[in-house]
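Bear in mind these aren't lab numbers, they're just calculated from the coordinates by the rules spelled out. Computed from a prediction, not measured in an experiment: that's the story for all the values here. When we count neighbours, we look across all protein chains shown, and the Cβ atoms used for this are built from the backbone with ideal geometry, even at glycine.
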Amino acid sequence: MDRRLFLTTGFAALSGAVLASETKSSENREIKAIESAQVGCLVDTTLCIGCRKCEEACNRRNNLPRPENPFTDQTVFRDRRRPTEGAFTVVNEYPGMPSPDQKQIGTTHCKVQCMHCLTPSCVSACLVGAMTKQMDGSVVYNKNICLGCRYCMVACPFEIPAYEFSEPLKPKVRKCEFCADYKTKQGANPACAAACPTETLVFGKRQELLALARSRIKNRPDRYLDYIYGEYEAGGTSWLYLTGRPMKEIDLVPMPIKSPAVTTESIQHGIFKFGIIPMALYGFLAGLMWKNRKSEEKNELKKTEQTERGKQ
Ligand code: SF4
Ligand code: SF4
Ligand code: SF4
């Protein structure tokens, strides 16, 4: 089921079920407080050669299924790809063209992944706090408390989270989590940035990355557009982009500077205020989650019994 259909087939109705508005306000306060500690990644699209090493590293790091063709396969560039449940990041290719001042703009590659928004709509939209923003700015997912309602998918302005529709038993929402656990444990670059051979991807404190981006623009005005995508888009994002051509041409779409999360929250608060609290629905979703957990436990038990039997 595609996202649009999902929206129109009743899930929009479920949006009325947005709960716990008080919790959201405190989450918002926390989000603002951690802004200065945020890390990020600067993507300099003028340096990207489309080698897809970042995709490969991400695939390995997250134990995702290997794709049918090797990562060296460049035919993937025939299509515009989006992150999926099996690929948390993808690189797209955009053919060169003459610029308005008749200079030739070369072929450009642009990496796509979760933007780790400063005020993430997915976090704001999640009924149970399965999406959370960490102190360093990473937006991570907890499969153990997820209801499977997929409201985060609908809320994301960058259309990033994917759902494991092919997984019948315990489907999860999947997206780049900024290698959160890896960074914490190793204090290292995220896997994609570590693998990039051209320094297209620079990991660091968001404030420092903004300064770096500004200095690159200042030193090479012939190379860069005087704009940092992600500085303000959707309330600001941890992933930032530099380009040498109009952003729209490489699918860095214009976004309002106010995070959609702010609007969603005012609607939620309004709903709450007028007492339209769909407790029955919430109960239903909670029941569904409980049922899923039980079936998971049963499956685990079955597996253990089978293994034990195998040993005898
Ligand atoms: S890009 Fe989407 S999924 Fe990622 S943090 Fe922002 S709202 Fe959430
Ligand atoms: S930060 Fe980690 S999870 Fe995100 S795209 Fe890079 S390698 Fe993949
Ligand atoms: S590894 Fe670096 S140069 Fe290669 S495709 Fe990814 S971002 Fe571009």
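Give, in whole angstrom and from largest to smallest, the semi-axes √(5λ) of the equivalent ellipsoid of the stretch 88-204, with λ running over the eigenvalues of the Cα gyration tensor.
Values: eigenvalues 187, 70, 37 Å².
Largest first, the stretch 88-204 gives 31, 19, 14 Å.
Taking Cα pairs under 8 Å and at least six residues apart, what relative contact order does the stretch 68-162 come out at, in percent?
Details: 125 pairs, mean separation 21.5, N = 95.
Result for the stretch 68-162 is 23 percent.
Could you run the Karplus curve 6.51 cos²θ - 1.76 cosθ + 1.60 with θ = phi - 60° over the stretch 124-139 and give me ³J(HN,Hα) per residue in whole Hz, x for Gly and Pro?
5, 7, 5, 5, 10, x, 6, 9, 9, 9, 8, 4, 8, x, 5, 9
Please turn the phi angles of the stretch 78-93 into ³J(HN,Hα) values with the Karplus equation 6.51 cos²θ - 1.76 cosθ + 1.60 (θ = phi - 60°), one per residue in order, whole Hz, x for glycine and proline.
Working through the residues one at a time gives 5, 10, 8, 9, 10, x, 10, 5, x, 8, 6, 9, 9, 10, 10, 10 Hz.
Using a 10 Å cut-off on Cβ atoms, rank the peptides 37-48, 84-95 from the highest mean neighbour count down.
Details: 37-48: 22.0, 84-95: 18.9.
For the peptides 37-48, 84-95, the packing ranking is 37-48, 84-95.
What is the sum of charges, Lys and Arg at +1 and Asp and Glu at -1, for the other residues whose Cβ falls under 13 Å from the Cβ of residue 195? If you can, show how the numbers build up before the last one.
Numbers: positive: 52, 53, 60, 61, 111; negative: 55, 56, 199.
Around residue 195, the surrounding residues sum to +2.
At residue 142 and residue 258, where each label point lies 7 Å from the Cα along Cα→Cβ, what is the point-to-point distance in nanometres?
For the pair residue 142/residue 258, the computed spacing is 3.0 nm.
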